[in-house]
Every structure is written in structure tokens, then in C-alpha cells.
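Please treat every number below as a calculation from the coordinates, not as lab data. All figures in this text were calculated on a predicted structure; none of them were measured in a lab. Using ideal geometry, Cβ is built from the backbone for each residue, glycine included, and neighbour counts are taken over all protein chains shown.
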Amino acid sequence: MLAARSSITYWGARSAMTGQAVIEQLAEHIGGLRRYAFALTGSQPEAEDLVQDTLVRAIAAARSFRAGGSLRAWLFSIMHNLFVSGVRRRRPPVVALNEEAVAVGQAPAQLIVLEVRDALAALARLPETQRAALSLVALEDFSYEQAAKIQGIPLGTLMSRLARGRETLRQTLDGELRVPLRVIGGKQ
Amino acid sequence: MSLPEVTEAELQAFVDGQLPAERCTAVLAYLGQRPAELKRLADYAEHKEELRRRLENVDLAADNPATTELERALAARLTRPYYSRWLRYAATVALLLAAGWISHGLYQNYVESRIPELVIKAAEAHDVFGVDQRRPVELTAASMAEMADWFSNRLGRPVEIPVLSTLGLHLIGGRLLTADDRPMAQLIYEDEAGQRLTLCLSSEPLELGEEVELVEVGDLTAGYWQDGDLTYALVGDRPDEQLVAIASELGAQQPGGRL
């Protein structure tokens, strides 16, 4: 029954310096991943789930990360893929981004106006693809090339999503359209 | 007079500080002639700043313990890129080093066949996901039927979730991982003392027998065997006899039976 029996030990040669550097780098990236996850999902609990799913996936795929590559871009692309493929475990719908965004002690009577004029709420209203493009570039400072690669889209597509996203955001925030229901497709 | 040619992409790049230096003059000249465009870009820049400010004020709870654990596990994984390969080679490499064989490259052929990749992966997965009590489990024991469906679907074979409560082992949950780009189902069991045991299932065709083979992987012991279309790897920090007993229980329970 106890056929082959071999004894294996862990390989202990690990550079403490490198390990520390990676831990510090990761800690920095996690902040960005949380922001991106929040921009994508629109809620803090869902964002945290997405961050955890991303880390689980990254651990499993750690060997696909090539030393010298951008750890940050690699993690963001894992997160982006997870999000768009929709293979994550699902939580029941939770509080929406715009509710979080105005929850900072505003009087209820002001909610409707503020909802439209708040930048985060306006971001949440953008189509998912434009939101992703704008978040990666404007919030996380990725180069256009990296942002396109993370989303797996051509550069031209990124640029047009970025331009459209920005213009919609501008029209929403311009204050010319204060009633949320009229925002969609609205021009002055 | 003619206005300089400037594209929308260049205007966007101007806002993001990604415009090549040699195009800045052209963009500035373009904007100098067009106050409305200048206003538009100024708005974009302002909204960008506003978004960043707003996002900074959202409480994104940076101290989630489960996330921190995963972060550490990832850091560990990334700082030993050859973990798996060395794990597999280490013992033999040490032997061959002593024997002066290492320069011949023979060890690769020799060691390669020792332990299936799946078993190494299963041990790694036990290390990362099986041990920590706080680590989130993707599925709970309450949804066993759902889990069986999910695994069967991903593995492309009918999979049943083994019940080991007669041996005092209770299912805590499971997750889907990958080994060699193939799906690998991991089930996590716990005994009364809170000690965990993980079982990995894969549909990877390996030339294994139905007899349990035992190997030591670090502090862990793994037993692996094949039953029909499925390959099993059982991992825990347990005496050999216990692993073998659990393995026989599992063999007896599997549908499909013989090849």
C-alpha cells in the first residue's frame, strides 16, 4: 500500500530583501486595486470581495508573473478580467456607488441635486467600459498602453472610451442637468 | 490662417500628461485659438482632480484581515518563483549534488517523474488556503449540491462531494483552483481538534494506480491515487496510517469505480 515514499523539503533560499520589497510593493498596489474595484463595482463590500478574488487568482497564477514585468499592471489585469468575465462569486446587490458617495452627512433634501453633481456618482453612471478606461487612466495613472493592455482592448478603443467617458461626465457635472432621470442621453 | 492639426487623442493625452513633449506646442497653439476647447479640457482636468479627491474620502477599509492574509500569501508566492520546481527537485538535487551529477542535467529527467505536478499543487494549495482559519471559503458546506454541480461542470466529470463525517472530518468548504492550466477542485475538511485536511480532485489523466502513494512535502504528507477519470490528492499534517485510512474511505465512496 505504501508504495513510493520520497522525502522532500522546502527550498529555503529566499532573499529577505526581495521578499520585503515585494510586500511593500503589494501593500501599495492593494490601495489602487481597492479603488479600481470600488470604481467597477460601486460598493465597498463588493470591492473588497473583488480584491480578495483577485489575490486568490494571483496566488494560483503566480508563476505566470514574469519577474521584471509590472506587478501592478499584472494585478489590475487579473482584476479586470475577473470583473468582466463575471465568474466571481456573487453577493446580493448592495448599496450603490451614488448612495455611498453622498452619504457624507448631506441633508436628504439635497440628495437628488447632489447625486448628479457628485463626481463619483457621475462616474458610477458611466457605462462599465468607459468607467474602467477612465478609472485606470485618470485615477490610477496608467499609461494609455498599459490601460489598454489591462482591459485587453486596442489603444484606439481606449482613447475613444476615455473621450466619451470624460464628455459624459462633464455634461453630468456641468450643473445644466440636475434631475438624474434626464441625464441619460441628455444634451443642453 | 491655418490652425495646427491636433487630434482628440492628443487633447486627452494633454489632460493626462501623456502627450509627447514635441506635440505640446501644437496643442497649446490649437487651444490658444479656441477658448471653448480650452474650457472643455480645463473641465476634464478639474473633474479628474475632483474624482481623485472624492475617492480618497471613500472609506475603503484597508484593514480587512482576510485580504491581508491573502496579500502575504501572494508575496510569499512571488518571492519564491521556483517554489514548485524546487519542491519537486530539492531532495533529489541534494543527492545528486553530492554525487556530482548536477552538471550533467540528468536530474531533470530523473526527478521530473517523481511526484505529479498535481500533488505539488495540492500541497501548495493546502499551505495557502487550507490552513488559515480566517481565510474566506468560497462555498460553504451548506451548498454541497451546488458545489458538486460546479465542480462536475468545471472538471467535465461527475464529481461527488465525499462525506467523511464517519471519520470525524467535517467539510468546511471548497474552491476551484488551477494546476497546470487545468481546473483542480479543493475540498477542505476539519476534525474536532480544528486540524485541517484538504482533498484535491482533478480530471488530469495521470498514469497512476488505484493504490495510494504517499510522499512528504515539507511538513505535510500527501497521498495520491487515481480512480476512474479522477485523480485524488489528499494533503494533511497527519500520520501515514490515518491518510491511508481516509484514502480508502474515499476510494470506497467514489462512483464510477474501476477504469
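Results, tabulated for the structure shown:
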{"read-out": "Distance cut-off 20 Å, percentage of C-alpha pairs in region B:153-258 lying past it", "value": "34 percent"}
{"read-out": "Region B:25-84: chymotrypsin sites (Phe, Trp or Tyr not before Pro) falling in loop per DSSP and having at most 13 other Cβ within 10 Å", "value": "B:82"}
{"read-out": "Along principal axes, Cα extents of region B:1-65, largest first, whole Å", "value": "63, 23, 14"}
{"read-out": "Footprinting exposure proxy for B:200, B:24 (fewest neighbouring C-beta atoms within 10 Å first)", "value": "B:24, B:200"}
{"read-out": "Cross-link partners of residue A:149 among aspartates and glutamates (Cα-Cα below 15 Å; sequence separation of 8 or more within a chain)", "value": "A:140, A:141"}
{"read-out": "Average beta-carbon neighbours from other chains, 10 Å sphere, peptide B:219-226", "value": "1"}
